[in-house]
Protein chains: 2
Amino acid sequence: MSGTETREPGRSARKHQAITRAATAVFVERGYPGTTMDDIAKLAGVSKQTVYKHFVDKETLFAEVVLATTDRVDAMIDLVADVPADAATLEENLTRLARRFLETLTRPEVLQLRRLVIANADTFPKLGTAWYEQGFERVLESLAGCFRNLTAEGLLHAEDPLLAANHFSGLLLWIPVNKAMFTGAPRHTAAELDRYAAAGARAFLAVYR
Amino acid sequence: MSGTETREPGRSARKHQAITRAATAVFVERGYPGTTMDDIAKLAGVSKQTVYKHFVDKETLFAEVVLATTDRVDAMIDLVADVPADAATLEENLTRLARRFLETLTRPEVLQLRRLVIANADTFPKLGTAWYEQGFERVLESLAGCFRNLTAEGLLHAEDPLLAANHFSGLLLWIPVNKAMFTGAPRHTAAELDRYAAAGARAFLAVYR
DNA sequence: CGACAGTACTGGACAGTCCAGTTTTTCGGC
DNA sequence: GCCGAAAAACTGGACTGTCCAGTACTGTCG
């Protein structure tokens with residue numbers, strides 16, 4: 001045995017991961033109250049007792065699952081980091097950035113997660129705040145940093161880069177995200193996203209030179 | 001007796017109203033799953049049986065309560081209607097409009113209601129859609145109408161008035177509404193609202209002349 | 001033996017019903 | 001218009017059935 005690679009997470013760790021994975025899936029799909037511990041155990045291929053061996057109770061499991069998703073924002077931040085400071089292709093570059101933003105943030109899983117956090121922000125206030133700060137605000141800040149750089153290069157005029165970042169996201173995301181929050185997100189088409197991205201980037205440039 | 005005015009709603013009607021009022025309050029405060037029919041009956045000062053006499057079940061009651069709130073958007077639409085077409089005071093007028101928009105839409109009750117609808121959009125897809133169309137989109141359309149007029153007057157250049165309306169709301173509302181959705185809405189100060197409104201209106205005008 | 005699966009169990013919460021008795025409304029006869 | 005009886009609405013509380021978080025117990029595999 002031990003035919004498995006050098007990377008051996010240990011039985012316990014593997015179970016742990018299986019549980020969090022399953023829990024994430026079920027919570028996202030059915031919401032907090034709609035999810036039973038039996039569902040999670042079953043999907044994880046694990047007995048309920050094992051679930052309780054790893055997580056004291058349902059609330060803790062939920063918190064862990066939600067908080068764990070904030071690491072995905074790093075990819076988002078990288079995305080923002082590499083906007084080249086080139087006057088000739090500024091609009092093109094911002095449009096591309098906008099497009100990727102939209103693409104990422106309108107993915108059903110992301111929207112579902114967003115819904116999940118909002119829905120339970122009452123019962124788990126800490127969680128809502130943490131998610132907002134570690135996810136939302138971090139992206140916003142890196143976006144602000146990007147605009148600050150472009151301003152330093154003379155390509156943009158953003159006295160208040162954070163406000164600019166807010167405006168950028170607002171122009172882009174208000175419509176599609178809201179529609180998805182209320183109606184059951186019928187997955188926007190690529191063409192729609194292109195249009196939103198182009199219009200948003202154009203408007204943004206009209207404001208911030 | 002009958003010292004009461006000519007307008008006497010009758011007992012049944014009064015109870016009905018008491019129930020919807022109580023239900024609205026409790027649903028908004030505690031969410032759908034967090035609310036029990038006993039809570040509602042108690043707050044309404046009514047027996048549970050009476051609640052079931054007026055509403056077949058919890059879901060129906062919830063639907064009725066939520067849908068009933070969409071009539072408030074009329075006030076919002078009136079607000080949009082009377083933006084005077086005056087070049088000299090255009091920025092001032094739009095800033096005022098923006099300010100009132102923010103004021104209205106960041107009120108805790110409105111935000112809570114929004115949260116309530118989003119949270120249960122999975123379980124009540126019809127409801128989410130209806131609320132979006134009858135509330136959200138109606139305001140957006142009247143805003144678009146306003147911009148269309150201003151464009152006709154030559155004060156604005158909005159080829160696509162609906163897009164302009166979306167941009168207007170996005171610039172204004174993205175930040176404060178999101179913050180409120182995730183963190184427990186600590187009620188924005190008047191100064192903050194002023195700032196957001198001014199910045200939003202200014203940005204909007206930079207785009208749409 | 002120790003970690004786990006499987007399953008049965010406990011206790012509490014809650015939607016919705018039932019019933020026995022009370023109040024309010026309705027309405028026809030005077 | 002007033003009266004009294006039937007009809008309808010309401011109260012309070014007990015009750016049913018179900019769902020589910022969390023626990024306990026038994027058997028099994030390594």
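Read the figures in this text as sums done on the coordinates, not as results from a lab. In this text the structure is predicted, and so the values were computed from the model without any measurement. Every residue, glycine among them, receives a Cβ derived from its backbone with ideal geometry; neighbour counts consider all protein chains shown.
Take the conditions farther than 17 Å from A:THR104 by Cβ, part of a helix (DSSP H, G or I) and either among the acidic types (Asp, Glu) or more than 9 Å from every other protein chain (Cβ to nearest Cβ) (or both) and apply them to A:ALA203. Does it pass? Steps first, answer last, please.
Working: farther than 17 Å from A:THR104 by Cβ: yes; part of a helix (DSSP H, G or I): yes; either among the acidic types (Asp, Glu) or more than 9 Å from every other protein chain (Cβ to nearest Cβ) (or both): no.
In short, no.
Could you figure out which of (1) within 14 Å of another protein chain (Cβ to nearest Cβ); (2) within 19 Å of the chain's Cα centre (by Cα) isn't true of B:GLU64?
Unmet for B:GLU64, out of (1) within 14 Å of another protein chain (Cβ to nearest Cβ); (2) within 19 Å of the chain's Cα centre (by Cα): (1).
Name the single residue, out of those in segment A:180-194 being within 7 Å of chain B (Cβ to nearest Cβ) and assigned to a helix (DSSP H, G or I), that is farthest from B:ALA130 (Cα to Cα).
A:MET181
If we scan segment B:71-93, do we find a residue that is of a type in the set (Asp, Glu), under 24 Å from A:ALA180 (Cα atoms) and more than 13 Å from the chain's Cα centre (by Cα)?
No, because not a single residue in segment B:71-93 is of a type in the set (Asp, Glu), under 24 Å from A:ALA180 (Cα atoms) and more than 13 Å from the chain's Cα centre (by Cα).
Out of (1) within 13 Å of chain B (Cβ to nearest Cβ); (2) under 11 Å from the mean Cα position of the chain (by Cα); (3) surrounded by fewer than 18 Cβ atoms within 10 Å (Cβ to Cβ), what's the single condition that is false for A:ARG107?
Among (1) within 13 Å of chain B (Cβ to nearest Cβ); (2) under 11 Å from the mean Cα position of the chain (by Cα); (3) surrounded by fewer than 18 Cβ atoms within 10 Å (Cβ to Cβ), the lone unmet condition for A:ARG107 is (1).
For segment B:120-157, name all the residues that are over 15 Å from the mean Cα position of the chain (by Cα), under 18 Å from A:ALA180 (Cα atoms) and surrounded by 19 or more Cβ atoms within 10 Å (Cβ to Cβ).
Once the filter is applied, which keeps residues that are over 15 Å from the mean Cα position of the chain (by Cα), under 18 Å from A:ALA180 (Cα atoms) and surrounded by 19 or more Cβ atoms within 10 Å (Cβ to Cβ), segment B:120-157 yields B:ASN120, B:ALA121.
Counting just the residues of segment B:198-209 that are surrounded by fewer than 22 Cβ atoms within 10 Å (Cβ to Cβ) and in contact (Cβ under 8 Å) with a residue 60 or more places away in the chain, which one comes out farthest from B:ALA164 (Cα to Cα)?
Step by step, filter segment B:198-209, then rank; the result is B:ALA198.
Can you tell me which residue within segment A:134-159, out of those that are outside any helix (DSSP H, G or I) and among the acidic types (Asp, Glu), is farthest from the other protein chains (Cβ to nearest Cβ)?
A:GLU153
Hey, can you tell me all the residues within segment A:42-58 that are more than 7 Å from DNA strand D (Cβ to nearest atom) and surrounded by 14 or more Cβ atoms within 10 Å (Cβ to Cβ)?
A:LYS42, A:LEU43, A:ALA44, A:VAL46, A:THR50, A:VAL51, A:LYS53, A:HIS54, A:PHE55
When you look at B:ALA98, is it touching a helix residue (DSSP H, G or I) at 6+ places or on another chain (Cβ under 9 Å) and over 19 Å from B:GLU133 (Cα atoms), yes or no? First the steps, then the outcome.
Numbers: touching a helix residue (DSSP H, G or I) at 6+ places or on another chain (Cβ under 9 Å): yes; over 19 Å from B:GLU133 (Cα atoms): yes.
Answer is yes for this residue.
What is the residue count in segment B:12-35 for residues that are within 14 Å of another protein chain (Cβ to nearest Cβ) and surrounded by 17 or more Cβ atoms within 10 Å (Cβ to Cβ)?
Residues that pass the stated criteria total 6.
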